[in-house]
Amino acid sequence: MATIRDIAKKAKVSITTVSRILNEDPTLQVAPETRKIVTETAKELNYTVRKKSKSSHSFSIGVLQWFSIKEEIQDPFYLYIRQGVEDYCRKNKIELIRNFKDDVNYIDSLKDVDGLICIGKFSNDEITTLKNKHKNIIFVDLCTDKIIVNTISLDFKNAVYDLLSLLKSKNHKSIGYLGGLEYVNENTLYEDKRKKYFIKFCQENKIDYKPYLIEDSFSIQSGYKMMKKLIEDDNLPSAIFAASDSIAIGALNALQEYNIEVPNTISIIGFNDVVGSRFTNPPLTTVHAPAYEMGKYAANFIYNFHNYNIPINMVFPCRIIERKTT
């Protein structure tokens, strides 16, 4: 059976344009030639328009993802955000169009949506371009120096200070940091607030950290590699803060491989509270980041507050989930 995507590809228009033409959206302004091509292509492909119930909405939301599907699998934080968006849209009968930032012509394919949710990290130029094309837009998991666009982010400062205060209360005086490097483009490194506040806390509290600060990527493999380097260099702190649970899980695997006991010899704390963190051995102490709720709030904001012109920055709180690695 043909899909809207098949029609869009053959007619050389966006998926949203096809959907709105076939569903006879009265607000759509499109050339008669385009409308004719789409309807004839749909007929040629034997596409049947599904009739909407009276309670259905014609509102459409585009989702632009910074992470690829492969990266989602390696670190599911963005997967949880996307699932929050999708569940909200499904419940409210909102049409959802999803694209990745590395898709060809993603801007054109999202140009007709009623609102746009951008998930992940974007450069200033990309923010400006997207904001100029979509007035109803929100960026999720993006921190900006100035409030120039709607954003949802995490309260990294209090989260990091809380977890380091926990370690300090257990008399840890040397704490390592295993982090990931994220680039908004080939040359611009995105500043990780977790690292920033980690360094600030350690400096304020005279905690030894410099020999144990390593960065690579947000993956289990990276966590394993970074932890293995510290072990083989005979350079272990008494505790580790991993900037994601994926990194922490990889680090735990390396420690177990070298028969280093957790938490007796070294403690470790992750970040995000992914499902797998409950089932490590021992279960991982981590910071719960409300990723799923961030996605739901983003969709709700786009759907219900699209007539407001003043940008806002929503900051979500995190909380420590103490298990058995500290």
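A few comments on the model shown:
- Condition check for residue 214: aliphatic (A, V, I, L, M), surrounded by fewer than 22 Cβ atoms within 10 Å (Cβ to Cβ) and either without any contact (Cβ under 8 Å) to a residue 40 or more places away in the chain or closer than 21 Å to residue 173 by Cα (or both): yes
- Set side by side, the residues 240, 249 differ, and just one is in a helix (DSSP H, G or I) and either modelled with pLDDT of 95 or more or crowded, with 21+ Cβ neighbours inside 10 Å (or both), which is 249.
Table: residues versus (1) at positive phi; (2) in contact with an Asp or Glu (Cβ under 7 Å, 6 or more places away or on another chain); (3) not assigned by TED's automatic domain parsing to the domain that holds residue 231.
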| position | (1), (2), (3) |
| --- | --- |
| 92 | no, no, yes |
| 95 | no, no, yes |
| 98 | no, no, yes |
| 106 | no, no, yes |
| 118 | no, no, yes |
| 125 | no, no, yes |
| 146 | no, no, yes |
| 164 | no, no, no |
| 174 | no, yes, no |
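- Selection of the range 312-324 for residues being surrounded by 13 or more Cβ atoms within 10 Å (Cβ to Cβ), within 20 Å of the chain's Cα centre (by Cα) and in a loop (DSSP other than H, G, I, E, B) yields 312, 318.
- Candidates 133, 173, 168, 101 - the one that is free of Cβ contacts under 8 Å to residues at least 60 places away in the same chain and more than 30 Å from residue 8 (Cβ to Cβ): 168
- Residue 223 being within 17 Å of residue 181 (Cβ to Cβ), assigned to a helix (DSSP H, G or I) and in contact with a Phe, Trp or Tyr (Cβ under 6 Å, 6 or more places away or on another chain): no
- Residue match in the range 83-93 (condition: part of a loop (DSSP other than H, G, I, E, B) and either without any contact (Cβ under 8 Å) to a residue 40 or more places away in the chain or more than 12 Å from the chain's Cα centre (by Cα) (or both)): yes
The values are calculated or read from the model by the stated rules, or taken from the named source; none is laboratory data. Keep in mind it's a predicted model, so treat the numbers as computed, not measured. Ideal geometry is used to build each Cβ from the backbone, glycine not excepted, and the neighbour counts take in all protein chains shown.
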